[in-house]
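The values are calculated or read from the model by the stated rules, or taken from the named source; none is laboratory data. Please read these numbers as outputs of a predicted model, since none were measured by experiment. Positions of Cβ are backbone-derived with ideal geometry, glycine not excepted, and every protein chain shown enters the neighbour counts. When the accessible area is computed, the model is the full protein with side chains, heavy atoms only, and any ligands, DNA or RNA have been set aside. Shrake-Rupley method; radii C 1.70, N 1.55, O 1.52, S 1.80 Å.
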Amino acid sequence: MPIFNRCVIAVLTCVAALAAHAGEPQPGIAGVAGRKATVNFTDLARQEARAAPAPRTPRVVHSPMPAPKEPADRVSPPREGSKSAAPAEAGPAPLSPAPASNFLALPDDTTAIPPDTHGAVGPNHLMTTLNTQIRIQDRSGTVLSTVSMDSFWASLGSPSAFDPRILYDPYGGRWIFVAAANGNSTASAVLIGASQTSDPRGAWNIFSVDADASNATWADYPSVGFNKDWIVVNTNMFTVGANSSFARSNVWVFTKASLYNTIAPSAPFRLFTDTSGSSTLVPAVTYDPTQTLATLYLVDVFTSSTATLRIGTITGTVGTETYTPGTSFPTATSANGWAVTGPDAPQLGPAPLIETGDRRMQSCSYRNAFLWCVHHIFLPAANPTRTAVQWWQLTTGGAIQQRGRIDDASGARFYAYPSIAVNANSDVLIGYSRFSASQYASANYSFRLSCNAAMLG
């Protein structure tokens, strides 16, 4: 597994025209979760183990709804001159180190398509979530407890949950679990839960929030992050109906202390709407060892043709938060642009192609005063033939420190659906799925030491 290519991009000088992209700060609308419950993970697992499993017809979970088109008339940061050359990228690098150990986490039981895998690691446990089940293991791989998604959320009114996301908060010592529910329905909801301790096998506070009181839109594809004060969830909102279309992005800012409360848990939030046309505004998972950072950052893909991202912020005090979209627009050269969508991925055998979605941001962390982000893109931009993973290291002000790609220019291998993790030394690990006609879809990773020299553009 190759260490991914690296390049440093020259930071474009800010110009006055860029201010036109910056949104006005929003005060948001206060609310509180309408349903809440407390469940014990181990008790749920025991109850399921005692009951004979009922035959289950495989259900098709809708594919991620398409991101809004990037309109040609959207005002974008000025492009560089026509004579600007694309920055060079490093060639193939040495292999990443082999894993010290590995084990099976939670296999797909084939009762939901797609499975939508997600996972997180805590001090003593691993949690893996699928559209069908949730599993807790120790860090050696021993299975400790498994519960169905239906069972975990059932006490909130038996919602039909999908797109699970799980995180571990090392500063609060809690697990955070988010999902959407009741897709393309007036009953659409955002589900959020927090463990009461660092042991996920115990009690959880869980909540359900009505996605839209007007019942005009429904919530899809949640992204989640946190800092010392908040747990922030973004959802893409689509109109309810047969011809569902993108309406806006919702940003839900939950008060972390209230969700973590073991005596009287609640889920107060402030809701912000983003109607700029951007989608999948990924909140940063904030690893700030001093726990002093009072800002939570969100990153989304703004314009593919100009290789432009967008950064927004949540600021203010708990209960009076402010969302400001477009505080900065990290931009590489347009020669490094990509397509919004492209071909689906091959796999071994006669099986159909695997859906590759679009160029939306997938994962974002704040670590060591930088934002580290990753997504997959479609190359070449003009006539895409493959997917590649692209990663960024950004200052919070939008300056690009590094940008690199995990790519096979021959198009034989596709790389997609990445996540990024950065440790206290700024060593970086990117996990992703790899596809080709000569292998089954597989989990792969690339690793970069902080001392590895980046190539200057």
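Just how large is the dipole of the chain about the Cα centre, in debye to the nearest 20, putting +1 at every Lys and Arg Cβ and -1 at every Asp and Glu Cβ?
Numbers: 30 positive and 29 negative charges, 74 e Å.
With only Lys, Arg, Asp and Glu charged at Cβ, the dipole is about 360 debye.
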ask   = Of K256, K228, which has the most accessible area with a 1.4 Å probe, and how do the rest follow in descending order?
value = K228, K256
query = Dipole magnitude of the stretch 281-377 about its Cα centre, charges +1 at Lys/Arg Cβ and -1 at Asp/Glu Cβ only, in debye to the nearest 20?
reply = 160 debye
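Using a 1.4 Å probe on the protein heavy atoms, what percent of the accessible area of the chain belongs to carbon and sulfur?
Working: 10460 of 18680 Å².
Carbon-and-sulfur percentage of accessible area, whole number: 56.
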note = With label points set 7 Å from each Cα along the Cα-to-Cβ direction at V60 and S185, the distance between them in nm comes to 1.8 nm
Heavy-atom accessible area per residue - the chain, 1.4 Å, Å² = 41 Å²
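Which FRET efficiency value, to the nearest 0.05, is calculated for D108 and A453 with the Förster distance at 45 angstrom and r the Cβ-Cβ distance?
FRET efficiency, D108 to A453: 0.65.
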request  = Could you calculate the FRET efficiency of A351 with V318 from 1/(1 + (r/R0)^6), where r is the beta carbon distance between them and R0 is 41 Å, rounded to 0.05?
outcome  = 0.25
ask   = With every protein chain kept in the model, how would you rank Y432, Y417, Y287 by accessible area, 1.4 Å probe, largest at the top?
value = Y417, Y287, Y432
request  = Please turn the phi angles of the stretch 354-366 into ³J(HN,Hα) values with the Karplus equation 6.51 cos²θ - 1.76 cosθ + 1.60 (θ = phi - 60°), one per residue in order, whole Hz, x for glycine and proline.
outcome  = 9, 4, 10, x, 9, 7, 4, 5, 10, 7, 8, 10, 9
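Need the full-extension length gain, N40 to V121, defined as separation in residues times 0.36 nm minus the C-alpha distance. One decimal, nm.
On the way: separation 81, 0.36 × 81 = 29.16 nm, distance 1.95 nm.
Taking 0.36 nm per residue and subtracting the Cα distance, the gain is 27.2 nm.
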query = Using a ≥ b ≥ c from the Cα gyration tensor of the stretch 186-336 (square roots of the eigenvalues), is it rounded, prolate or oblate, where a/c under 1.5 gives rounded and otherwise the larger of a/b and b/c decides, a/b for prolate?
reply = oblate
remark   = Given [x] 0.94; [y] 1.19; [z] 1.03 as possible values of Cα Rg over 2.2 N^0.38 Å, the one from the coordinates is [x]
remark   = When the charge dipole of the chain is computed with +1 on Lys and Arg Cβ and -1 on Asp and Glu Cβ about the Cα centre, the Cα farthest towards its positive end, among Y171, H62, N423, belongs to N423
ask   = Along the charge dipole of the chain, Cβ charges K/R +1 and D/E -1, which of N184, Q390, P268 sits furthest on the positive end?
value = Q390
ask   = Taking only Cα atoms, what is the 0 to 90° angle, nearest 10, from helix 41-50's long axis to the longest principal axis of the chain?
value = 60 degrees
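How much length is gained if the chain between N423 and Q291 is pulled fully straight, taking 0.36 nm per residue apart and subtracting their Cα-Cα distance, in nm to one decimal? Show your work: numbers first, answer last.
Values: separation 132, 0.36 × 132 = 47.52 nm, distance 1.57 nm.
Contour length minus the Cα-Cα distance gives 45.9 nm.
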query = Using unit Cβ charges (K, R positive; D, E negative) and no other charged atoms, how large, in debye to the nearest 20, is the dipole of the stretch 336-416 about its Cα centre?
reply = 240 debye
Table column - 3J(HN,Hα) (Hz), the stretch 110-124, Karplus curve with 6.51, -1.76, 1.60, x for Gly and Pro = 6, 9, 8, 10, x, x, 6, 6, 7, x, 8, 10, x, x, 10
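Apply the a/c threshold of 1.5 to the C-alpha gyration tensor of the stretch 258-391 and tell me whether it is rounded, prolate or oblate. Please report the intermediate quantities before stating the final value.
Values: a/c = 2.35, a/b = 1.75, b/c = 1.34.
Judged from the Cα gyration tensor, the stretch 258-391 comes out prolate (a/c at least 1.5, a/b above b/c).
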message = With a 1.4 Å probe and all protein chains kept in place, how do D220, D108 rank by accessible area, largest first?
response = D108, D220
Helix-only mean residue ellipticity at 222 nm for the chain, each DSSP H run of n ≥ 4 adding -39500 (n - 2.57), per residue, nearest 500 = -1000 deg cm²/dmol
